[in-house]
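Notes for the one structure printed next.
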Amino acid sequence: MLAASPVMLQSGVPSPHESPSHDVLLQAAVDASQAAGVLLLHYAATGFQIEYKNPINLVTDADRAAEQCVIDHLKARFPDHHFLAEERGRDNGGSSPYRWIIDPLDGTTNFAHGYPTYCVSIGLEYEKRCIIGVVFDPSRNELFTAIEHRGAQVNGRPIHASDTKTLDSSLLVTGFAYDIRETTRNNLDHFAKFALKAQGIRRTGSAALDLCYVAAGRFDGFWEVRLSPWDMAAGSVIAREAGGRLTDFSGKDLSIYGQELVASNGQIHEAMLAVLNHASPQP
């Protein structure tokens, strides 16, 4: 499999005596995501090793290599920044207010089966608020990016959430946690209810891409439980900047450190919350 040609953004290089601009931060994340994406395509073409955390939760050496690639790229530019990554956890560096939140391979099960729906996800948190999101899908060479208050793009083109107004006309997406066999809070009850309310439901296996697809209007809504910060950090910025609405199941503003997520085009959000909370939406 050939590596995807990178989609490049333009930016300057920060002075060592200045805080980096948002454009410089974004470009660093883009560079890191694309380098990791090329690495993932190489592993997909040449082979990889699989380890199991539990019977259905796996990790590959491609995950670890991509994570190291991203961190090496970003640390070379910003050595005092903090990191939170799926495989290695927290890396509390200096006193910087910036923290990179990384999922080096979101969609590992898909990747392991040769199903080409996976991505590199990099979010940047500043003083506990996610301000930059980059999600790179190397299989489709799609680069989703967003900077707070500046909108969202895919491959440099602006994207917007859909204008679908009713749940009955909506295409939704969801996912299931790796402990689905061990807990009753496994989303199967919500899935059954939405299956009777929506036009259709999909399950892609990548929460980061699900959020980007809500941002691009490909899905009208997304819900999931038992997520981690690296699942949501980048995609939440992209969906929000594309005009989407993001909350927990109670309707409170999303925290990536919570475990509930509802993301929608805004038009169907109250109807989705009503289904999740077993109530009838207000007219």
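The values are calculated or read from the model by the stated rules, or taken from the named source; none is laboratory data. In this text, all values refer to a predicted model and were calculated from it rather than measured experimentally. Please note: Cβ atoms are built from the backbone with ideal geometry, for glycine as well, and neighbour counts cover all protein chains shown. Heads up: the accessible areas ignore ligands, DNA and RNA and are worked out on the full protein's heavy atoms, side chains in. Shrake-Rupley method; radii C 1.70, N 1.55, O 1.52, S 1.80 Å.
For the range 229-283, the tally of residues that are of a type in the set (S, T, Y) and closer than 29 Å to P158 by Cβ stands at 4. Inside the range 147-164, residues that are of a type in the set (K, R) and touching a residue at least 24 places away in the same chain (Cβ under 8 Å) make up a count of 1. Scan the range 25-39 for residues that are open to solvent by 10 Å² or more (accessible area, probe 1.4 Å) and either at pLDDT below 95 or among the aliphatic types (A, V, I, L, M) (or both) and jot them down. Result: L26, A35, V38, L39. Looking across F111, F136, one residue alone is touching a Phe, Trp or Tyr at 6+ places or on another chain (Cβ under 7 Å), farther than 24 Å from D80 by Cα, modelled with pLDDT of 95 or more and open to solvent by less than 10 Å² (accessible area, probe 1.4 Å). It is F111.
Quick check on my filter: what residues within the range 206-238 are part of a loop (DSSP other than H, G, I, E, B), open to solvent by 20 Å² or more (accessible area, probe 1.4 Å) and not hydroxyl-bearing (S, T, Y)? Passing the criteria: A216, G217, R218, R226. Listed conditions (1) in the same structural domain as L74 (by the TED database); (2) closer than 27 Å to N187 by Cβ are all met by I147, apart from (2).
Hey, among the residues in the range 186-205 that are aliphatic (A, V, I, L, M) and open to solvent by 20 Å² or more (accessible area, probe 1.4 Å), which one's farthest from the chain's Cα centre (by Cα)?
Pass one, the range 186-205, residues aliphatic (A, V, I, L, M): 188, 192, 195-196, 198, 201.
Filter once more, so that each one left must be open to solvent by 20 Å² or more (accessible area, probe 1.4 Å): 188, 192, 195-196, 201.
Numbers: L188: 22, A192: 24, A195: 24, L196: 27, I201: 19 Å.
Among those residues, the one meeting the criterion is L196.
For the range 152-169, a residue qualifies if it is open to solvent by less than 30 Å² (accessible area, probe 1.4 Å) and touching a Gly at 6+ places or on another chain (Cβ under 9 Å), and the qualifying residues are A152, I159, A161, S162, L167.
When we screen I132, I159 for residues that are β-branched (V, I, T) and farther than 30 Å from K193 by Cα, the only hit is I132. From the list S121, S95, the one residue that fits, being free of Cβ contacts under 8 Å to residues at least 60 places away in the same chain and either open to solvent by 10 Å² or more (accessible area, probe 1.4 Å) or not in a helix (DSSP H, G or I) (or both), is S95. Restricting attention to the range 239-246, does a residue exist that is surrounded by fewer than 20 Cβ atoms within 10 Å (Cβ to Cβ) and either β-branched (V, I, T) or in contact (Cβ under 8 Å) with a residue 12 or more places away in the chain (or both)? Yes, that holds for at least one residue.
Quick one: is L172 touching an Asp or Glu at 6+ places or on another chain (Cβ under 7 Å), under 23 Å from R129 (Cβ atoms) and surrounded by 18 or more Cβ atoms within 10 Å (Cβ to Cβ)? In short, no.
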